[in-house]
Amino acid sequence: MKNSIKVQRAIYNLTQAQLAEKAKVSRQTINAMELGKYVPSTVLSLRLSEIFDVPVNELFNLEESDWE
Amino acid sequence: MKTNYLLPHRFKKVGWLLFIPSAILGLFMLIYDWTPDFLNVNVFGIFIDEVVGTKKYFGIVSNNILNEILGVLVIISGLMIAFSKERMEDELISKIRLQSLVWATYWNYGILILAFLFVYDLSFFWVMIFNMFTVLIFFIIKFNWSLMNLNKALTYEE
């Protein structure tokens, strides 16, 4: 799954640590998501969607491999 | 969803403070067969089968309680270290916790199976003693190792 967290973070001019604080997770989690190493829960996805004020579908995109 | 059966973060430090001395004393006790006289007491037992003596259910038996004290301390403090929340216990940490627990369980029983097959008699008694604690110890090592790798992977570009 791809995500545009890093792009959104740049738009809002937030550091990983600042975003982590807003989303109530650790900085490691933000970092792992940006690197595509961790797929967040629905709750965290919705939190990010609210923080960035974009629909979840715009923040996350399925890839071919997600259907396998 | 909020139930995770974990202890508050502060228990972790207490766990380490109890675990290290108890584990060291425990090893010392095992190696040197240490049974201080003042800890020889009569205790209540459910199954009693003395080497020389009676075989009965429920009764009083004379025993050196050092191994009981240290065993309980090592297990309780080990549980505190293993299952206290991290400072920021979020969903990624919980996932790593679960993976580490599965890993530790596999290794613990993998080693136990090998010991079943290749270790006999009194040597197996030693395996059983250590196996009481290894699942916790394997978990603590694997979990902290994974957390360390997670921190190492932190990229510093913002």
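Taking B:R10, is it within 28 Å of A:L44 (Cβ to Cβ) and exposed (fewer than 13 other Cβ atoms within 10 Å of the Cβ)?
Criteria met by B:R10.
Of everything in region B:47-63, what is among the β-branched types (V, I, T), within 26 Å of B:L25 (Cβ to Cβ) and either touching a strand residue (DSSP E or B) at 6+ places or on another chain (Cβ under 7 Å) or assigned to a strand (DSSP E or B) (or both)? Give them in sequence order.
B:V61, the sole residue that qualifies.
Does at least one position in region B:93-106 carry a residue that is exposed (fewer than 14 other Cβ atoms within 10 Å of the Cβ) and hydrophobic (A, V, I, L, M, F, W, C)?
yes
Residue-wise test of (1) surrounded by 12 or more Cβ atoms within 10 Å (Cβ to Cβ); (2) not hydrophobic (A, V, I, L, M, F, W, C).
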| position | (1), (2) |
| --- | --- |
| A:K22 | yes, yes |
| A:V25 | yes, no |
| A:A32 | yes, no |
| A:L35 | yes, no |
| A:P40 | yes, yes |
| A:V56 | yes, no |
| A:L59 | yes, no |
| A:E63 | no, yes |
| A:W67 | no, no |
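Would you point out the residue of region A:25-68, among those that are in a helix (DSSP H, G or I) and among the acidic types (D, E), that is farthest from the other protein chains (Cβ to nearest Cβ)?
So, considering only residues that are in a helix (DSSP H, G or I) and among the acidic types (D, E), the one farthest from the other protein chains (Cβ to nearest Cβ) is A:E64.
One residue is enough: does region B:64-79 have a residue meeting the conditions free of Cβ contacts under 8 Å to residues at least 40 places away in the same chain, more than 22 Å from B:F143 (Cβ to Cβ) and outside any helix (DSSP H, G or I)?
Yes, because at least one residue in region B:64-79 is free of Cβ contacts under 8 Å to residues at least 40 places away in the same chain, more than 22 Å from B:F143 (Cβ to Cβ) and outside any helix (DSSP H, G or I).
Test A:M1 against the criterion of being touching a residue at least 60 places away in the same chain (Cβ under 8 Å) and surrounded by 12 or more Cβ atoms within 10 Å (Cβ to Cβ), and give yes or no.
yes
Out of everything in region B:1-53 that is among the polar types (S, T, N, Q) and within 27 Å of B:L92 (Cα to Cα), what residue ends up being farthest from the chain's Cα centre (by Cα)?
B:T3
Does region A:1-24 hold any residues that are among the charged types (D, E, K, R) and either within 8 Å of chain B (Cβ to nearest Cβ) or part of a helix (DSSP H, G or I) (or both), and which are they?
We begin by selecting, within region A:1-24, every residue among the charged types (D, E, K, R); these are A:2, A:6, A:9, A:21-22, A:24.
Correct list: A:K6, A:R9, A:E21, A:K22, A:K24.
Looking only at residues that are under 21 Å from B:N149 (Cβ atoms) and hydrophobic (A, V, I, L, M, F, W, C) in region A:14-43, which one is farthest from the chain's Cα centre (by Cα)?
Within region A:14-43, the match that is farthest from the chain's Cα centre (by Cα) is A:A17.
So in region B:89-123, with the set limited to residues that are in contact with a helix residue (DSSP H, G or I) (Cβ under 9 Å, 6 or more places away or on another chain), within 14 Å of chain A (Cβ to nearest Cβ) and assigned to a helix (DSSP H, G or I), which one is nearest to A:L35 (Cα to Cα)?
B:L92
Name the one entry in B:L39, B:L117 that is without any contact (Cβ under 8 Å) to a residue 40 or more places away in the chain and touching a strand residue (DSSP E or B) at 6+ places or on another chain (Cβ under 8 Å).
The conditions single out B:L39.
Which condition breaks for B:I76 when tested against (1) out of contact with any His (no Cβ under 9 Å at 6 or more places or on another chain); (2) within 14 Å of another protein chain (Cβ to nearest Cβ)?
The number of the failed condition is (2).
None of the figures in this text is laboratory data; all of them are computed from the coordinates on show. Fair warning: this is a prediction, and the values are worked out from it, not measured in the lab. Note that each Cβ is placed from the backbone with ideal geometry, even for glycine, and that neighbours are counted across all protein chains shown.
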